[in-house]
Amino acid sequence: MAYYLTDGIYPKWSTFIQSISLPQTPKDCFFATHQEAARKDVERAFGVLQARFAIVKNPALLWDKNKIGNIMIACIILHNMIVEDERDGYTLFDQSEFTHMESNRTSEVDFTVPTTRPSCVSTMMNIRLSVRDRDKHKQLQDDLVENIWAKFGEYH
C-alpha cells in the first residue's frame with residue numbers, strides 16, 4: 001500500500017505515516033530522525049516549486065492523476081532548466097556526454113500512473129475502511145521502523 005510521510009496533524013490512517021512522537025528505543029529514535037528528515041526535504045522541494053509555479057500552489061481538484069503527474073514533472077524539469085541557466089554555464093560534468101545520449105534516445109518515457117476504479121459501492125467502501133484502518137497504520141509504521149533499522153541502523 002502506498003503511504004505518505006506526514007506530521008502529527010493527520011489521522012492515523014494506513015496511508016499516513018507520522019513520526020514517532022516520543023521514541024523510546026534506538027530503532028524508534030532512528031526511524032523518527034529519518035522520517036522527519038525525509039518529510040522536511042519533500043516539504044522544501046514543494047515549497048520551491050510552489051514559489052516558482054502558481055499551478056503547483058493552487059488546488060487541482062478537477063484534474064485526474066495523469067494530468068497532475070505531467071504538470072509536476074513539467075514543473076520539475078522547468079525548475080531544473082532555470083537553475084542550470086542561472087549557473088552561468090558552471091558545470092562539473094562533460095556536457096557532450098549528455099548531448100550524445102539524447103541523440104540516441106528513440107522512445108519517450110511513459111510517466112502514466114496506473115489507476116484502478118472501484119467497480120461497485122461495496123468495493124469502494126472496503127477500500128475506504130482499509131485506508132482508515134489503525135491496525136494497518138501501526139503495522140506499516142512498525143514495518144518501516146524495522147526496514148530503516150535493517151538498512152541503516154548498523155551505521156548509526
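Bear in mind that the values in this text are calculations on the coordinates, not laboratory data. All values derive from a computational prediction rather than experimental measurement. Cβ placement follows ideal geometry from the backbone for every residue including glycine, while neighbour counts extend to all protein chains displayed.
Going by C-beta contacts inside 10 Å, put Asp7, Asp41 in order with the fewest on the left.
Asp41, Asp7
With θ set to phi - 60°, apply the Karplus curve 6.51 cos²θ - 1.76 cosθ + 1.60 along segment 29-44 and write out the HN-Hα couplings as whole Hz, x wherever there is a Gly or Pro.
Couplings: 4, 5, 4, 4, 4, 5, 5, 5, 5, 5, 4, 5, 4, 5, 4, 4 Hz.
Classify segment 1-46 from the C-alpha gyration tensor, please: rounded if a/c falls under 1.5, else prolate or oblate depending on whether a/b exceeds b/c. Don't skip to the answer; put the middle values down first.
Numbers: a/c = 1.91, a/b = 1.24, b/c = 1.55.
Since a/c reaches 1.5 but b/c is at least a/b, the shape of segment 1-46 is classed as oblate.
Gln18's amide H: which non-local residues (gap 5+, or another chain) put their own amide H closer than 5 Å, with H modeled 1.01 Å from N in plane and none for Pro or chain starts?
Thr6
Any lysines with Cα under 16 Å of the Lys138 Cα? List them, leaving off those in the same chain fewer than 8 positions away.
By straight Cα distance, Lys138 reaches Lys12, Lys27.
Please list, in order along segment 53-68, the HN-Hα scalar couplings obtained from phi with the Karplus expression 6.51 cos²θ - 1.76 cosθ + 1.60 (θ = phi - 60°), rounded to whole Hz, x for Gly and Pro.
Result, ordered by residue: 10, 4, 5, 7, 6, 8, x, 10, 5, 9, 9, 7, 4, 5, 5, 4 Hz.
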